[in-house]
Amino acid sequence: LRSDVEGIRRALHNVKRQVDSVMTCKRELARLCDELEEHVIPEEEDDDPMDYDSSHHFNLLIDDCDETAQVSLLLAAISMLVLGVGRRAGEFFLQMVSLALSLVFDLVGPCADALRKRTLAQIPKTIPAALSRFSLEPRTTVYAVCPACNCTYKPRAERGKYSYPTLCTNIPRPGADICNAMLVKDPEDGCKSPIKTFIYYHFHDYVAALLARPGLEEVMDKPCDRLAENLDNQPTFLRDVWDSNFLWTFKGPDGVKLFANRGDEGRLVFSLNVDFFNIRGNRQRNATTSCGIISCACLNLPPDI
Ligand SMILES: [Zn+2]
């Protein structure tokens, strides 16, 4: 119901006609939305901190592995994520490390058999299994997107299974008919495969992941602290986004400088970037598919991170 009310508000906002009868209907609908929100959405104080369970960022499978296995898994992770080697090459590294360790245990002799068995069992054979030990995968929600009007639909959970609505119920424009476009590939298949998807990476989980890393919270507070220390000495030469006049003078809801007066709170700045690209590369006959990314990056992090 909450999303329906938001949808009605968006549609109302798009009604631009300045005729008395239309304006009266618009006001009446806005009033009804207010009434609905009062009953449905609990009042929340903007200043209240929100609770978020970030325990999964602290309980990593890699912590339960022996040091030898940890180093092997780190090698695989860095090869893939930092050095950019392919999955097959990464899996080759993993298997070679297992083989090398096996040969070392052979040299030690039968007394190391238990250690050999335990260590080698902790080194997976595939890269996805190795990366899963680091809990790097973010939490996501896959929305179904209407191919006709691009309205998004959250999956419904029923008895542990996720499904999507079969047809789009959005009204793209005031006065238009319901879109009614098909949202899923096969309605007979439990409506679990949307034709078009939007994968939402949970923003709160991204922030929680940053704050969960040891030492990173202090690093992210430093730009604000530097502003506070140099309030009367604003740089004239910009070396970083944090030297910009915008961030130096940006005011918070209380009317004081938001980033220079952080108190005991963390004040984070994010950049939002949108880009689309042809996933099959540029060919002579032009793009056949397009994939879009909306990315968000925390600017409190040092550039080398
Ligand atoms: Zn639609």
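The values are calculated or read from the model by the stated rules, or taken from the named source; none is laboratory data. In this text, all values refer to a predicted model and were calculated from it rather than measured experimentally. Every residue, glycine as well, gets a Cβ built from its backbone with ideal geometry; the counts of neighbours run over all protein chains shown. The protein model used for the area step is the full one, side chains on, heavy atoms only, and it has no ligands, DNA or RNA in it. Shrake-Rupley method; radii C 1.70, N 1.55, O 1.52, S 1.80 Å.
Annotations
- Charge-dipole axis of the chain as Lys and Arg at +1 and Asp and Glu at -1 on Cβ define it, positive-most pick from Phe250, Gly86, Phe203: Gly86
- Area accessible to solvent at Tyr200, 1.4 Å probe radius, in Å²: 90
- Cys111-Val219 FRET efficiency (beta carbon distance; Förster radius 41 Å; 0.05 resolution): 0.35
- Residues Cys296, Cys146, Cys111, Cys25 ordered from highest to lowest accessible area at a 1.4 Å probe: Cys111, Cys25, Cys296, Cys146.
- Overall shape: oblate for the stretch 146-212, with the ratio a/c of the largest to smallest alpha carbon gyration tensor axis at 1.5 or above and b/c at least equal to a/b.
- For the stretch 143-279: rounded, prolate or oblate by the Cα gyration tensor [a/c cutoff 1.5]: prolate
- Taking 15 Å as the straight-line reach from the Cα of Lys125, the aspartates and glutamates in range (excluding those fewer than 8 positions away in the same chain) are Glu91.
- Cα-based Lys pair tally, the stretch 137-273, threshold under 27 Å, eight or more apart or on separate chains: 9
- Across the chain, Cα pairs under 8 Å and at least six residues apart give a relative contact order of 11 percent.
- Once you reduce the stretch 187-253 and the stretch 113-152 to the center of their Cα atoms, the two points are 25 Å from each other.
- Value of [θ]222 nm, deg cm²/dmol, for the chain, DSSP H segments ≥ 4, -39500 (n - 2.57) each, nearest 500: -12000 deg cm²/dmol
- Of Arg239, Arg17, the residue with the largest accessible area leads and the full order is Arg239, Arg17 (1.4 Å probe).
- Summed residue charge, Cβ within 14 Å of Leu94's Cβ, Lys/Arg positive, Asp/Glu negative: +3
- Counted charge near Gln234, where neighbours are those whose Cβ lies closer than 14 Å (Asp, Glu -1; Lys, Arg +1): -1
- 3J(HN,Hα) couplings calculated from phi for the stretch 209-216 with the Karplus curve 6.51 cos²θ - 1.76 cosθ + 1.60 (θ = phi - 60°) are, in sequence order, 5, 5, 5, 6, 7, x, x, 6 Hz; Gly and Pro show x.
- Hz values of 3J(HN,Hα) by residue in the stretch 133-140 - Karplus curve (6.51, -1.76, 1.60), Gly and Pro given as x: 5, 8, 6, 7, 5, x, 7, 9
- Considering only Pro174, Leu120, Pro187, the residue lying farthest towards the positive end of the dipole of the chain is Pro187, judged by Cα position with unit charges set on Cβ.
- Evaluating 6.51 cos²θ - 1.76 cosθ + 1.60 at θ = phi - 60° for every residue in the stretch 82-99, the Karplus couplings come out as 9, 7, x, 6, x, 5, 5, 5, x, 5, 5, 4, 4, 5, 5, 5, 4, 5 Hz, glycine and proline recorded as x.
- Across the stretch 1-125, the mean sequence separation of Cα contacts (distance under 8 Å, 6 or more residues apart), normalised by length, yields a relative contact order of 21 percent.
- Three-way shape label, the chain, alpha-carbon gyration tensor, a/c 1.5: oblate
- Under 5 Å from the amide H of Lys196 lie the amide H atoms of Val145, each residue being 5 or more positions distant or on a separate chain, with H modelled from the backbone and absent for Pro and chain starts.
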